[in-house]
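Single-structure report; data block below.
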Amino acid sequence: MNMQRPIVFIKDTGATAKRDATREIYTSLLTLLTERGLQDAIQVVRVADIGVYDKGVVAKVLPGGKLYANITPADLPELVEAVLGARDLARLQLTTDPNKQARLVLANCGTIDPDSIDDYIAAGGYEGLRKALTMSPEQVIEEMKASGLRGRGGAGFPTWLKWQLTARQQATPRYVICNGDEGDPGAYMDRSILEGDPHAVLEGMLIGGYAMGSAHGILYIRAEYPLAVTRMEKAIIQARERGFVGERILGSAFSFDFEVRLGAGAFVCGEETSLIASVEGKRGTPRPRPPFPSVKGLWGKPTTINNVETWANVPFILRRGGAAFAAVGTTQSAGTKVFAMTGMIRNSGLIEVPMGISLREIVYDIGGGVASGKPLKAVQTGGPSGGVIPARFLDSPVDYENLGKLGSIMGSGGLIVMDEDNCMVDIAKFYLQFCVDESCGKCAPCRIGTYQLLHYYTKISEGRGELADLDKIRSIGQAMQKASLCGLGQSAANPALSTLRYFEDEYKEHIVNKRCPARKCKALVTYTILPDACKRCSLCMKSCPVKAISGDRTVGYTINQELCIKCGQCYNVCKFGAVKGA
Amino acid sequence: MNAGMATVNYIKVGMSTCGLAAGAQEVFNTLTQEVARRNLNIPVLKCGCVGMCYAEPLVEVAVEGLPTVIYGKVNRDVAVKILDKHVMGKMIVQDYVYEGVPRT
């Protein structure tokens with residue numbers, strides 16, 4: 001039947017901005033098919049992305065999904081025969097599965113209609129809650145223990161233990177809170193889950209509420225996520241109509257209801273004690289722990305706060321069992337992690353990978369490699385609380401312990417890919433500026449420490465740095481780690497300390513030679529045109545946004561340093577390396 | 001992922017913040033209007049973000065007998081092409097298919 005004819009997707013996966021062989025191969029293949037009278041027997045489609053990267057021209061044959069890589073024009077006759085099933089083309093066939101992702105949390109995101117509870121139920125939704133209600137609260141916590149789920153907000157505290165601590169308190173009422181105050185620059189995993197699968201978060205909290213003997217759930221969502229708030233509120237109404245929320249849920253003795261609270265835009269409110277203060281209507285500042293929220297939390301009562309992604313993992317664990325969850329990932333870090341991959345990466349977006357996957361697989365097999373085509377320099381994880389991981393550690397597995405050993409953290413899931421055009425001093429300075437703005441000011445180590453660190457970074461980036469500053473940065477950073485009141489201050493020095501640990505030479509280049517190798521610290525960069533290398537094409541002059549370049553084809557071109565804003569446009573457009581930036 | 005052929009018909013538009021910021025609402029409106037105008041028997045649905053934020057707006061198309069595919073960087077013109085070529089002509093639209101996301 002004509003409709004069932006095979007379809008061949010093709011794509012030059014080694015394509016660059018200058019050269020893309022997709023169209024060429026497409027034309028050759030069509031010509032070949034026409035010659036053989038097969039033009040109607042096989043449909044050939046040029047695709048934008050074939051899910052495999054840097055393997056030359058790749059073809060995917062449907063139905064079946066067989067992949068062939070590094071195809072040359074000479075291979076096309078054999079490919080056609082393979083498509084028609086007339087022969088085997090093992091020589092070019094990719095046998096490893098290119099799909100490195102595993103979707104537990106994001107399984108419904110992009111599949112179901114988030115505004116439809118029927119879609120969620122059809123996908124197995126609320127089965128986990130039904131199952132939980134047939135078990136005792138202790139059994140639910142046992143199931144969580146078997147799963148090995150750890151907090152996805154970043155610190156990785158075992159979720160079951162948090163639940164058990166709350167459940168064992170005598171005081172009532174108890175509260176469960178969903179921390180949706182996602183504030184790391186570049187991270188938006190939680191937003192996507194709240195917007196794409198709101199019922200999963202509700203179901204997770206309902207199960208948690210049952211296990212901990214709580215009847216009150218609070219969804220704390222930052223006000224910058226209006227769509228997430230709208231969808232969550234709609235989901236709560238739908239769930240109440242169906243009897244999943246409210247009094248005597250599904251005919252059991254368990255009652256539970258939700259309240260949505262909006263965050264007012266302070267990064268520190270993602271820290272649990274600040275978040276509780278904010279919900280209570282107080283200024284969002286942290287308080288010392290212990291007592292932990294499990295003992296004395298909201299309104300002084302036992303409270304469990306979990307992150308959005310943590311809650312969204314819970315329905316799967318109840319529905320499929322803790323063992324099924326523990327089977328994914330590593331022994332110490334079970335399950336998957338969602339990352340928001342941004343920066344110099346070809347495919348920026350949300351990915352979900354099993355714990356223990358290597359950074360190399362994330363960057364190259366899923367992300368498609370560095371967008372600029374330049375060498376990878378480092379990967380930053382954990383946002384302002386994390387650190388950078390240099391390219392030489394690309395093969396280390398991604399789990400809580402390993403990232404910690406490397407001086408970074410898992411964090412909530414921001415992952416920023418950096419190439420050699422990223423300056424490590426500049427990166428650390430950016431995060432410190434963020435922490436200076438967001439420090440609540442309650443404790444001195446954070447309030448003064450971030451400010452002092454930023455002072456040293458400004459000095460270094462402006463060419464006034466001294467070698468002694470590096471030791472100052474280290475000692476201030478360590479003092480902040482030890483003495484700050486909350487996680488914000490304890491981790492605010494991480495970007496500084498980890499860049500200094502791995503890229504001390506780059507710091508010294510700034511301090512001793514007053515040079516910024518990545519040309520990011522503007523005070524240390526001067527662009528000049530080398531007359532001998534210049535071919536007088538005038539491209540630099542045309543691309544200069546501030547008209548700082550003057551001259552003509554006979555006398556050559558010069559840059560007026562007074563006008564130059566050091567944007568690097570001339571450097572980037574010059575095809576002859578005639579613009580020097582140093 | 002995507003190895004078999006679709007057995008039902010639908011069009012899904014990714015309509016989370018990333019999609020909407022890239023123009024998903026316009027694509028959704030175009031698809032709904034054009035499907036009605038052409039009297040096509042295919043539902044236009046919405047869904048959350050599938051993860052390929054760099055290629056938004058994303059449109060997933062399932063038409064019986066063809067593999068289910070995700071089109072990326074869809075605008076009004078591509079949306080119309082999807083209806084003319086893919087839904088009505090049973091031919092996958094060139095240059096806009098993104099195969100990078102695992103389908104569960």
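Annotations
- Buried on assembly, region A:222-239 (at least 20 Å² less accessible surface than by itself, 1.4 Å probe): A:LEU227, A:ARG231
- Computed extension length for A:LYS535-A:ALA483: 12.9 nm, one decimal, from 0.36 nm per residue of separation with the Cα-Cα distance subtracted.
- Once the 1.4 Å probe is applied to the protein heavy atoms, the protein assembly as shown comes out at 40 Å² accessible per residue.
- Accessible surface of B:THR30, taken over heavy atoms with a 1.4 Å probe and every protein chain present, rounds to 10 Å².
- Relative contact order of chain A, pairs being alpha-carbon contacts under 8 Å that are 6 or more residues apart, as %: 11 percent
- Accessible area ranking (1.4 Å probe, heavy atoms, ligands and nucleic acids excluded), largest first, for A:ILE529, B:ILE82: A:ILE529, B:ILE82.
- Pairwise Cα distances in region A:117-326 exceed 22 Å in 43 percent of cases.
- Summed over both chains, the contact between A and B buries some 3300 Å² of accessible surface at a probe radius of 1.4 Å.
- Positive minus negative residues near A:ASP54 (Lys, Arg vs Asp, Glu; Cβ under 12 Å): +1
- The residues of region A:1-40 listed by number as losing at least 20 Å² of accessible area in the complex, against the isolated chain and with a 1.4 Å probe, are A:MET3, A:GLN4, A:ARG5, A:ILE7, A:PHE9.
- Rolling a 1.4 angstrom probe over region A:7-94 with all protein chains present gives an accessible area of which 50% lies on carbon and sulfur atoms.
- For region A:248-326, taking the reciprocal of the average inverse distance between every pair of different Cα atoms yields a Kirkwood hydrodynamic radius of 14.8 Å.
- Taking amide H positions as modeled 1.01 Å from N, with prolines and chain starts lacking one, the residues under 5 Å from A:ILE112 and 5 or more places away or on another chain are B:GLY48.
- Prolate/oblate/rounded label for region B:31-104 (Cα gyration tensor, a/c 1.5): prolate
- Given charges at beta-carbon only (K, R positive; D, E negative), |dipole| of the protein assembly as shown in Debye: 1160 debye
- Pairwise Cα separations in region A:336-419 fall into 5 Å bins from 0 onward with the following percentages, short to long: 3, 17, 31, 30, 15, 3, 0.
- Multiplying the residue separation of A:PHE576 and A:HIS455 by 0.36 nm and subtracting their alpha-carbon distance yields 39.7 nm.
- The convex hull built on the alpha-carbon positions of chain A has an orientation-averaged projected area of 32.1 nm².
- Positions from region B:40-60 whose accessible area shrinks by 10 Å² or more when the full protein complex is built, not the chain alone, probe 1.4 Å: B:LYS46, B:CYS47, B:GLY48, B:CYS49, B:VAL50, B:GLY51, B:CYS53, B:TYR54
- Between A:GLU24 and A:ALA253, the distance separating the two model label sites (each 7 Å from Cα on the Cα→Cβ line) works out to 7.5 nm.
- Taking label points 7 Å from Cα along the Cα-to-Cβ direction, A:THR172 and A:ASP97 give a separation of 4.6 nm.
- Averaging the Cα positions of each part gives two centres, and for region A:1-56 and region B:39-92 these lie 19 Å apart.
- The spacing between region A:81-122 and region A:220-234, judged by their C-alpha centroids, is 30 Å.
- Sparse-neighbourhood loop sites, GluC sites (Glu not before Pro) in region A:266-352 - DSSP loop, at most 14 other Cβ within 10 angstrom: A:GLU280
- Segment A:GLN39-A:GLU420, extension gain: residue separation times 0.36 nm, minus the distance between their alpha carbons: 132.5 nm
- Per-atom-type breakdown for region A:336-419 gives carbon and sulfur 56% of the accessible area (1.4 Å probe, protein chains only).
- Translational diffusion of region A:525-581, µm² s⁻¹ [Kirkwood Rh, Cα pairs; Stokes-Einstein; 4 °C; 1.567 mPa s]: 119 µm²/s
- Distance between the 7 Å Cα→Cβ label points at A:LYS234 and A:CYS567: 4.0 nm.
- Taking region A:424-512 and dividing mean pair separation by its residue count, relative contact order in percent (alpha carbons under 8 Å, at least six apart): 39 percent
- All C-alpha pair distances within region A:71-180, sorted into 10 Å bins from zero, spread as 10, 23, 25, 14, 12, 11, 4, 1 percent across the bins.
- Candidates B:ASN39, B:ASN29, B:ASN75: whichever shows maximal mean-square fluctuation once chain B is modelled as a Gaussian network with Cα springs under 10 Å: B:ASN39
- In region A:424-512, inverting the average of 1/r over every pair of distinct C-alpha atoms gives 12.6 Å as the Kirkwood radius.
The values are calculated or read from the model by the stated rules, or taken from the named source; none is laboratory data. Fair warning: this is a prediction, and the values are worked out from it, not measured in the lab. Cβ sites come from the backbone with ideal geometry, for glycine too, and all protein chains shown count toward neighbours. Just the protein is used for accessible areas: all its heavy atoms, side chains included, with ligands, DNA and RNA removed. Shrake-Rupley method; radii C 1.70, N 1.55, O 1.52, S 1.80 Å.
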